[in-house]
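The values are calculated or read from the model by the stated rules, or taken from the named source; none is laboratory data. From a predicted model like this one, the values you see are computed outputs, not experimental measurements. Because the Cβ atoms are built from the backbone with ideal geometry, glycine has one as well, and the counts that use them run over all protein chains shown. Heads up: the accessible areas ignore ligands, DNA and RNA and are worked out on the full protein's heavy atoms, side chains in. Shrake-Rupley method; radii C 1.70, N 1.55, O 1.52, S 1.80 Å.
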Amino acid sequence: MAAHRARYTVLHPDRSTCPPAHKYTSSGKPKTDGCDGRIGFAVSCLGCDFTGEATLKVVAENSFRRHVGQASRP
């Protein structure tokens, strides 16, 4: 059985991945020149093909926790 570990990425408005070096205000406005801003977070499971997106990171984290809970059921 594969281990379930999450990888979180920040999404730009065009759904492209925003580099971790980019900084934001608490509302998602960019502090880095040339950045389009943040609209949400993507989560993917490194142990299977689960993926999800959410506007708030806490929602993405909860989605992943539910995934792991369902995956561990027989």
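Restrict the check to region 25-41 and report whether at least one residue is closer than 14 Å to ARG65 by Cα, hydrophobic (A, V, I, L, M, F, W, C) and in contact (Cβ under 8 Å) with a residue 24 or more places away in the chain. Checking region 25-41: not a single residue is closer than 14 Å to ARG65 by Cα, hydrophobic (A, V, I, L, M, F, W, C) and in contact (Cβ under 8 Å) with a residue 24 or more places away in the chain. Any residue at all in region 17-29 that is touching a Phe, Trp or Tyr at 6+ places or on another chain (Cβ under 8 Å) and modelled with pLDDT of 90 or more? Scanning region 17-29, I find no residue that is touching a Phe, Trp or Tyr at 6+ places or on another chain (Cβ under 8 Å) and modelled with pLDDT of 90 or more, so the answer is no. Within region 26-53, the residues that satisfy the criterion of being surrounded by fewer than 17 Cβ atoms within 10 Å (Cβ to Cβ), hydrophobic (A, V, I, L, M, F, W, C) and in a loop (DSSP other than H, G, I, E, B) are ILE39, LEU46, CYS48. Taking region 35-62, which residues are among the small types (Gly, Ala, Ser), closer than 11 Å to ALA6 by Cβ and within 10 Å of the chain's Cα centre (by Cα)? Those that are among the small types (Gly, Ala, Ser), closer than 11 Å to ALA6 by Cβ and within 10 Å of the chain's Cα centre (by Cα): ALA42, SER44, GLY52, ALA60.
Restricting attention to region 54-70, the residues being open to solvent by less than 90 Å² (accessible area, probe 1.4 Å) and either on the phi > 0 side of the Ramachandran plot or outside any helix (DSSP H, G or I) (or both) number 1.
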